[in-house]
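Here is the structure we will look at, set down as structure tokens.
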Amino acid sequence: MLAFRNGSSHPMYFILLGIPGLENCQFWIAFLFCAMYIVAVVGNITVIHIIRIDHSLHEPMYLFLAMLAVSDLVLSSSTQPKMLAIFWFHAQEIEYHACLLQVFFIHAFSSVESGVLMAMALDRYVAICFPLHHSSILTPSVVGKLGATVMLRGLLWVSPFCFMISRMPFCSNHIIPQSYCEHMAVLKLVCADTRVSRIYGLFVAFSVGGFDIVVISVSYVMILRTVLGLPSDEARLKAFGTCASHICVILALYIPALFTFLTHRFGHQVPRVVHIMFANIYLLVPPMFNPIIYGVKTKQIRERVLQGLCCKAP
């Protein structure tokens, strides 16, 4: 039976089931998730530290990369510690306000991450299509304003989610059949008309994700036109190489995110275990892969990491 706060229709806590259908495997799955989380934390902190101390990396691409690393840290840390506690210690209860905070951080920083990827696509567009004017167009002031705009957009667009949910009454059911609190999962427990909240969720998804995807697509169409017009194969390969890591990061974020979004709203025939595994991948795989991809592809970061490892070696 769900316990409600005195004089309130808000529950005191929710129950997170983890991965329904894989209860007997969750203990062992947690080791994989823990390893991925450690890689994500160590990798992103390393990227942030290298960019912070190396003044030669204070360029638009690396500053955007540092913003992406911060976003990845927040995204993974907002869900993974609680998820591991569920899998290893059966700590399935999550306090009502902690659940709303998870909703806020997940959606706000997913928006921030998408916005940073859009800004990085614009940076690649300017660097390849207008190489002589890159430094004068993307000045530190412009980069700061882009980063602030992306951050404010995420915070302001997502805040109404939590505000609307906090004003709605909940039913006696307090079980969330997944590993973390997500907007649609919490909304399904509300005993009221949720059409406004659902419509607003679609508006945010399309106005944020849709806008970013359009800008990224247009940027890469223009980049492709410019690259194909380069005189030599070597120049074309070099230009494509500078974009390869960014394209990998974009695909790692948007493919599982799109699957999770569509499954929540329309994929009623999709097995729940598949949906929940993709929902976990969406919040854990990009933060783990992003520093690896950029660490391998970016010469300055790779050399800094190797230099640090050599200095520590006996």
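Using the Kirkwood radius over C-alpha pairs as Rh, can you work out the diffusion coefficient of segment 49-163 via Stokes-Einstein at 4 °C, viscosity 1.567 mPa s, in µm² per second?
81 µm²/s
When Cα extents along the principal axes in Å is calculated for this entry, the matching label among (i) 73, 42, 35; (ii) 69, 52, 36; (iii) 65, 52, 37 is (ii). Could you list the trypsin sites (Lys or Arg not before Pro) in segment 128-181 that lie in coil according to DSSP, counting only those with at most 16 other Cβ atoms within 10 Å of their Cβ? Sparse-neighbourhood loop trypsin sites (Lys or Arg not before Pro): Arg167. Sorting 89-95, 111-117 by their mean Cβ neighbour count within 10 Å, with the most densely packed peptide first, gives 111-117, 89-95. Compared with the dominant principal axis of the Cα atoms in the chain, helix 140-166 is inclined by about 10°. What you get for segment 220-305, charging only the Cβ of Lys and Arg (+1) and of Asp and Glu (-1), is a dipole of about 100 debye around the Cα centre. Starting from a Cα-only point model with no solvent, please compute log10 I(q)/I(0) by Debye for segment 190-278 at q = 0.22 1/Å. Calculated log10 I(q)/I(0) at the listed q: -1.12. Helix 195-204 axis versus longest C-alpha principal axis of the chain: approximately 10°, rounded to the nearest ten.
Using helices alone, I'd like the mean residue ellipticity at 222 nm for the chain: each DSSP H run of four-plus residues gives -39500 (n - 2.57), total over residue count, nearest 500.
-24500 deg cm²/dmol
Annotation: per residue accessible area for the chain equals 50 Å², rounded to a whole number [probe 1.4 Å, protein chains only].
Heavy-atom surface analysis with a 1.4 Å probe gives segment 87-141 a carbon and sulfur content of 70 percent of its accessible area. Among the protein heavy atoms of segment 178-294, carbon and sulfur supply 74% of the accessible surface, probe 1.4 Å, non-protein parts ignored. For the chain, the longest principal axis of the alpha carbon atoms and the long axis of helix 60-77 meet at an angle near 20°.
The values are calculated or read from the model by the stated rules, or taken from the named source; none is laboratory data. As the structure is a computational prediction, the values presented were derived from the model and not from experiment. Using ideal geometry, Cβ is built from the backbone for each residue, glycine included, and neighbour counts are taken over all protein chains shown. Remember, those area values only see protein heavy atoms, side chains included, never the ligands or the DNA or RNA. Shrake-Rupley method; radii C 1.70, N 1.55, O 1.52, S 1.80 Å.
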